[in-house]
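The values are calculated or read from the model by the stated rules, or taken from the named source; none is laboratory data. All figures in this text were calculated on a predicted structure; none of them were measured in a lab. Quick reminder, even Gly has a Cβ in these numbers, built from the backbone with ideal geometry, and neighbours come from all protein chains shown.
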2 protein chains.
Amino acid sequence: MRPLKKLISLDEAFKILGENTSVINQLEEITLFKLANRVAAEDVLADKNVPPFRRAAMDGYAVIASSTFGASDRKPIYLTCIEKVHAGEIPTKTIKRNECIEIATGAMCPDSADAVVPVEFTNKVDSKIEILKGFTPGDNISPEGVDIRKGETVIRKGDVFTPARIGVLAALNKTSAKVFRRPKVAIIPTGREIAPLGTELNEGQVYDINSYTLRTLIAQNGAIPILFDIVPDEFAALENAILQALSTDLIVIVGGSSVGERDINIDVLSKHGTILFHGIQVKPGKPTLCGKIKDKLIINLPGYPTSCLTNAYLLLLPFIKKMASLPRERQKTVNAKLSRKFVGQLGRHQILTVTVKNGIATPAFKESGAITSIAWADGYIIIPYNVDLIEKGEEIEVFLF
Amino acid sequence: MRPLKKLISLDEAFKILGENTSVINQLEEITLFKLANRVAAEDVLADKNVPPFRRAAMDGYAVIASSTFGASDRKPIYLTCIEKVHAGEIPTKTIKRNECIEIATGAMCPDSADAVVPVEFTNKVDSKIEILKGFTPGDNISPEGVDIRKGETVIRKGDVFTPARIGVLAALNKTSAKVFRRPKVAIIPTGREIAPLGTELNEGQVYDINSYTLRTLIAQNGAIPILFDIVPDEFAALENAILQALSTDLIVIVGGSSVGERDINIDVLSKHGTILFHGIQVKPGKPTLCGKIKDKLIINLPGYPTSCLTNAYLLLLPFIKKMASLPRERQKTVNAKLSRKFVGQLGRHQILTVTVKNGIATPAFKESGAITSIAWADGYIIIPYNVDLIEKGEEIEVFLF
């Protein structure tokens with residue numbers, strides 16, 4: 001066994017990971033239906049005006065505004081309606097003073113009109129339209145190009161496609177967009193104690209949890225997980241899997257990062273590449289190992305399910321998002337009061353899962369091998385490496401899952 | 001034209017929508033790979049203990065704890081190592097006092113041991129293992145079932161599947177789970193002024209934006225959008241589309257909710273069902289119409305793209321989530337100071353899209369027809385119906401998209 005000696009700080013780990021993460025800049029073209037949450041790989045320019053014509057912004061009557069000046073409830077003005085224009089129709093007549101054209105929201109406004117009187121301010125009185133309020137030129141008319149002007153940049157490289165941004169492409173009759181391809185992340189589970197689902201356990205074995213938790217987390221965060229078969233703790237088998245995984249963008253090895261004699265991950269990394277760090281001042285997750293083979297980053301997470309998943313949230317996600325050009329959103333947090341005293345561990349950041357109810361954070365952590373430590377938690381707190389203890393009732397920030 | 005007369009309050013609209021929304025309770029069985037964000041339709045009980053055996057929680061040496069009592073840096077105790085157990089292997093020997101077994105994290109602990117001394121507190125000295133600290137019974141050993149105890153409820157009906165909860169199923173060798181099926185939401189775009197993408201615009205037409213924005217929003221929120229072709233404003237065509245859409249769970253008609261003469265949606269709803277409300281004290285979105293045919297809720301959103309999408313965020317999403325049994329999460333918000341004075345509209349809640357930069361909220365709203373009003377915004381603010389104006393510099397809550 002080779003005990004870990006010098007642990008690096010969490011900040012140092014973030015720095016090293018950041019420096020060794022490459023942003024993916026290959027493009028792919030995607031139809032609007034699959035564009036949600038993808039990242040624009042180029043600016044999109046408008047090749048037309050939207051709307052392409054001047055239109056009514058309200059249901060009502062198109063008028064020459066000056067025909068309505070001075071109109072009020074007490075002193076209405078009466079106009080003659082000479083035409084009706086529904087949305088999708090073209091006005092054919094020219095309005096003169098004291099005339100109007102009935103018009104629907106979104107319909108093309110006659111050139112001769114410079115305002116629309118909303119229907120709420122009108123009455124039909126015999127054959128006339130009664131106008132109850134004065135309007136000024138431009139009122140309730142949307143000019144051509146008010147939404148999008150031809151030549152304008154409507155989507156910028158790096159924009160994440162939201163429903164509205166997809167709507168902007170639709171407005172311009174664009175049926176696809178160029179986006180960055182998503183990073184492929186290899187997941188290589190290791191260890192003879194891990195059994196694939198659907199098989200019988202041998203004595204001393206447990207089922208493979210991490211492939212499923214990591215796969216889900218990676219897919220939820222803009223990347224494509226590539227699952228490898230479970231690799232026994234043998235040099236050649238691991239070497240083979242890693243070399244195969246070099247065709248992906250990021251390699252996550254699970255298990256075997258610890259100091260057991262069979263933990264041959266370090267040996268494989270050292271043979272083919274370099275070790276960037278081994279051991280972080282964080283609990284759980286201390287034995288996390290990181291290396292690089294041919295510009296490909298390799299993160300080796302501990303195999304214990306809670307260690308594995310909390311470290312994936314903490315150390316893996318931000319860099320997967322960086323590779324995918326996704327914004328690093330600040331995680332959702334709530335403030336809560338601690339249900340009991342928490343003892344810190346000087347020298348290591350402690351990550352503790354908690355449930356939050358009525359503003360009280362209660363520990364949900366069982367042990368780093370227990371997947372239920374996370375599954376039944378609402379989030380986690382971090383007790384910094386330099387904090388001795390946090391008293392019951394103290395307020396603390398909870399990072400929500 | 002039939003002007004809207006009595007508008008209902010936003011709260012009343014929420015109440016009516018809530019009362020008329022049915023939660024979907026049909027089940028479907030889904031494999032782990034597709035389970036993320038789905039909602040458990042039944043409790044899941046553990047049919048085994050996890051871990052299924054007592055295991056070492058650290059790399060180190062399994063011992064009888066009392067053999068280590070009194071050990072310290074200055075006064076180490078020396079034990080004889082009689083075996084090595086890697087993870088996945090079975091211990092074969094029985095430890096006696098002053099003996100130990102080298103053991104890896106996750107490996108089965110010999111019955112004869114009651115503690116594990118972590119490798120950090122040991123040295124190999126000649127043929128002996130030097131122990132530098134005393135440990136008590138139970139230290140660094142995970143008992144059988146510490147994570148999950150057989151018979152225990154591990155997933156509760158209504159739980160949303162997170163990475164960790166999917167991991168819990170994997171831990172139990174479960175390859176699928178029963179979840180509520182997702183609501184199917186019909187989107188029926190209407191209006192002769194709307195042209196499908198990929199066609200040439202006739203004069204007076206604009207491209208179909210709302211089908212794309214709504215489809216994305218609905219799919220992002222746990223439901224299955226079912227897109228209908230654009231329906232012209234004709235009674236028979238709309239009636240036909242609506243009757244066909246009754247096979248879905250919720251019908252969203254887009255456009256034609258206003259008061260133009262061709263707005264025949266009310267007539268179709270009245271013929272086959274009932275009107276629940278028409279007109280809400282909200283801007284944009286006033287003409288939103290809601291009805292019911294045979295227990296099927298029908299929401300008619302205004303056709304102007306920003307009105308349509310903001311009302312979908314406000315009025316549609318919470319009820320789609322309710323149908324899907326998804327928790328109604330509080331929307332992400334930030335506080336920001338207003339960049340300028342905003343004038344309210346007494347009697348109507350005003351929804352205004354804004355960009356937020358360095359804590360300053362600047363209006364992004366152009367007009368309710370402009371999709372860029374949302375696409376270029378970070379979120380929206382709501383100026384309540386009873387607020388006259390909000391001064392420049394005042395702090396306000398921004399609901400983020």
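Among the residues of the range B:237-266, which ones are modelled with pLDDT of 90 or more, among the β-branched types (Val, Ile, Thr) and part of a loop (DSSP other than H, G, I, E, B)? Passing the criteria: only B:Thr248.
Within the range A:279-303, the set of residues being at pLDDT below 90, of a type outside the set (Val, Ile, Thr) and not in a loop (DSSP other than H, G, I, E, B) comprises A:Lys283 only. Count of the range B:160-183 residues, restricted to those that are within 17 Å of B:Glu42 (Cβ to Cβ) and not β-branched (Val, Ile, Thr), is 11. Considered as a group, the residues in the range B:58-78 that are within 27 Å of A:Glu193 (Cα to Cα) and either within 12 Å of another protein chain (Cβ to nearest Cβ) or in a strand (DSSP E or B) (or both) include one that is nearest to the chain's Cα centre (by Cα), and that residue is B:Met58. Being at the interface with another protein chain (Cβ under 7 Å from one of its Cβ atoms), buried (at least 24 other Cβ atoms within 10 Å of the Cβ) and at positive phi holds for only one residue in A:Gly191, A:Gly204, A:Gly198, and it is A:Gly191.
Among the residues of the range B:103-118, the one identified as facing chain A (nearest Cβ under 9 Å), of a type outside the set (A, V, I, L, M), at negative phi and buried (at least 23 other Cβ atoms within 10 Å of the Cβ) is B:Thr105. Screening A:Arg55 with (1) more than 10 Å from every other protein chain (Cβ to nearest Cβ); (2) surrounded by 21 or more Cβ atoms within 10 Å (Cβ to Cβ); (3) within 25 Å of B:Glu200 (Cβ to Cβ) gives one miss only, at (1). Looking across the range B:82-91 at every residue that is within 11 Å of another protein chain (Cβ to nearest Cβ) and assigned to a strand (DSSP E or B), the one that is surrounded by the fewest Cβ atoms within 10 Å (Cβ to Cβ) is identified as B:Lys84. Residues considered: A:Leu172, A:Leu214, A:Leu246. Of these, the only one that is among the hydrophobic types (A, V, I, L, M, F, W, C) and not assigned by TED's automatic domain parsing to the domain that holds A:Leu301 is A:Leu172. Looking for something in contact with a strand residue (DSSP E or B) (Cβ under 6 Å, 6 or more places away or on another chain) and of a type in the set (Gly, Ala, Ser) - is there at least one such residue anywhere in the range A:376-385? Scanning the range A:376-385 turns up at least one residue that is in contact with a strand residue (DSSP E or B) (Cβ under 6 Å, 6 or more places away or on another chain) and of a type in the set (Gly, Ala, Ser). So is A:Tyr304 within 14 Å of another protein chain (Cβ to nearest Cβ), more than 27 Å from the chain's Cα centre (by Cα) and surrounded by 21 or more Cβ atoms within 10 Å (Cβ to Cβ) or not? Here the answer is yes, as A:Tyr304 does meet what is asked.
Take B:Leu246 and decide whether it is under 28 Å from B:Arg192 (Cβ atoms) and under 26 Å from the mean Cα position of the chain (by Cα). No.
Table: residues versus (1) of a type in the set (S, T, N, Q); (2) outside the structural domain of A:Leu250 (by TED's automatic domain parsing).
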residue	(1), (2)
A:Gln281	yes, no
A:Asn300	yes, no
A:Gly303	no, no
A:Ala312	no, no
A:Lys357	no, yes
A:Ala377	no, yes
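A:Gly145 satisfies every condition listed in (1) within 8 Å of another protein chain (Cβ to nearest Cβ); (2) touching a Pro at 6+ places or on another chain (Cβ under 9 Å) except (1). Would you confirm whether any residue within the range A:122-134 is among the basic types (Lys, Arg), closer than 23 Å to B:Glu203 by Cα and surrounded by fewer than 15 Cβ atoms within 10 Å (Cβ to Cβ)? The answer is no, given that none of the residues of the range A:122-134 is among the basic types (Lys, Arg), closer than 23 Å to B:Glu203 by Cα and surrounded by fewer than 15 Cβ atoms within 10 Å (Cβ to Cβ).
With respect to the conditions (1) over 30 Å from A:Ile266 (Cα atoms); (2) more than 9 Å from every other protein chain (Cβ to nearest Cβ), A:Val185 falls short on a single one, namely (1). Just one of (1) closer than 19 Å to B:Thr105 by Cβ; (2) more than 26 Å from the chain's Cα centre (by Cα) fails for A:Asn240. It is (1).
Looking only at the range B:151-174, decide whether some residue is touching a residue at least 60 places away in the same chain (Cβ under 8 Å), within 21 Å of B:Ser66 (Cβ to Cβ) and within 10 Å of another protein chain (Cβ to nearest Cβ). No, there is no match, as no residue in the range B:151-174 is touching a residue at least 60 places away in the same chain (Cβ under 8 Å), within 21 Å of B:Ser66 (Cβ to Cβ) and within 10 Å of another protein chain (Cβ to nearest Cβ). Of everything in the range A:343-354 that is within 28 Å of the chain's Cα centre (by Cα) and more than 13 Å from chain B (Cβ to nearest Cβ), the residue that is farthest from A:Phe14 (Cα to Cα) is A:Val354.
Checking each residue in the range A:27-49 for being facing chain B (nearest Cβ under 10 Å), assigned to a loop (DSSP other than H, G, I, E, B) and surrounded by fewer than 18 Cβ atoms within 10 Å (Cβ to Cβ) picks out A:Asn37, A:Lys48.
Take the conditions (1) within 12 Å of chain B (Cβ to nearest Cβ); (2) at pLDDT 95 or above; (3) out of contact with any Leu (no Cβ under 6 Å at 6 or more places or on another chain); (4) surrounded by fewer than 23 Cβ atoms within 10 Å (Cβ to Cβ); A:Glu234 misses just one of them, which is (2).
Counting only helices (runs of 4 or more DSSP H) wholly contained in the range A:304-401, the ones carrying 3 or more residues that are touching a residue at least 60 places away in the same chain (Cβ under 8 Å) occupy A:305-311, A:317-323. Among the residues here, A:Arg328 qualifies as on the phi < 0 side of the Ramachandran plot, modelled with pLDDT under 90, more than 13 Å from chain B (Cβ to nearest Cβ) and surrounded by fewer than 23 Cβ atoms within 10 Å (Cβ to Cβ).
Checked against (1) closer than 29 Å to B:Ala40 by Cα; (2) touching a helix residue (DSSP H, G or I) at 6+ places or on another chain (Cβ under 8 Å); (3) not small (Gly, Ala, Ser), B:Met323 passes all but condition (2). Could you tell me which residue of the range B:90-128 is modelled with the lowest pLDDT, considering only residues that are within 17 Å of B:Asp139 (Cβ to Cβ) and hydroxyl-bearing (Ser, Thr, Tyr)? Taking the candidates together, the pick is B:Thr105. Here is the figure for the range B:370-401: residues that are of a type in the set (Ser, Thr, Tyr), surrounded by fewer than 20 Cβ atoms within 10 Å (Cβ to Cβ) and within 14 Å of chain A (Cβ to nearest Cβ) total 0. Of all the numbered requirements in (1) facing chain B (nearest Cβ under 10 Å); (2) over 30 Å from A:Glu28 (Cα atoms); (3) in contact with a strand residue (DSSP E or B) (Cβ under 6 Å, 6 or more places away or on another chain), A:Phe121 misses one, and that requirement is (3). Among the residues of the range B:207-230, just one is at the interface with chain A (Cβ under 7 Å from one of its Cβ atoms) and of a type in the set (Asp, Glu), namely B:Asp208. Within the range B:351-367, being surrounded by fewer than 24 Cβ atoms within 10 Å (Cβ to Cβ) and not aliphatic (A, V, I, L, M) holds for B:Thr355, B:Lys357, B:Asn358, B:Gly359, B:Thr362, B:Pro363, B:Phe365, B:Lys366, B:Glu367.
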